[in-house]
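One structure below.
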């Protein structure tokens, strides 16, 4: 493939595929060029740098997040849709969340996501610094769950990929069992979870939904309290 047949869109698509497979550390212009049948210099010509390519790739993913108008759907439904969509994409594209702290992944897509988050919680009734904290609280829940669950999903994939990985996981599990045995309450919960034998994907999703519901319930309570009159006001 020559430079003339390359374009930025094709490069970003190939980069996302490589990032999904290898993560941030596995992305290189040389490997990307090989997957495109082109030289690394041609890739650089279209995207300028690896850092800028990560911004472009991240921006495309952030742009896929589903959003609802809180004025039409209501703030809670809009917040739920935003959280679920972000979680799903964060698990599917395991490199997306780790890219955030590096400040590499900030583009129009991320800014749009943040602006919509503010619109949701502004519609709910949060103002000032409380509005900032409401946006941050939901975002922290989602990226924390997505980061952990994407790591677990990759471990399960690794278990299927090779005997060496399976052996390391079995050894780690045996060591963890010995530690857990020192704490009866924890051991009972682990045993109960094992008896349920839930599908890992279903268990992770259920845990996320539980946390999301609690956070949104708490916000609703907080909003209700903020609207209550102060004690003593209106009394004769």
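Considering only C-alpha atoms, what is the centroid distance from the range 65-125 to the range 19-57, in Å?
Using only Cα atoms, the two centres lie 26 Å from each other.
Taking 7 Å along the Cα-to-C-beta vector as the label spot, tell me the residue 64-residue 223 distance in nanometres, rounded to one decimal.
With each label point 7 Å from Cα toward Cβ, the separation is 3.0 nm.
Could you list 214, 65, 100 in order of exposure, starting from the residue whose Cβ has the fewest other Cβ atoms within 10 Å?
Going from sparsest to densest Cβ surroundings: 214, 100, 65.
Taking R0 as 25 Å, what FRET efficiency do you get between residue 183 and residue 214 from their Cβ-Cβ distance, rounded to the nearest 0.05?
0.55
Sort 88, 25 by Cβ crowding within 10 Å, fewest neighbours at the top.
Fewest to most other Cβ atoms nearby, the residues stand as 25, 88.
If you average 1/r over every pair of different alpha-carbon atoms in the range 174-218 and take one over that average, what Kirkwood value in Å do you get?
12.2 Å
Sort 132, 59 so the one with the fewest other Cβ atoms within 10 Å of its own Cβ comes first. Before the final figure, lay out the partial values.
On the way: 132 13, 59 19.
Lowest count first: 132, 59.
FYI, it's all coordinate maths here, none of it is from the lab. It should be emphasised that the depicted structure is a prediction, and the values quoted were computed from it without experimental measurement. Every residue, glycine as well, gets a Cβ built from its backbone with ideal geometry; the counts of neighbours run over all protein chains shown.
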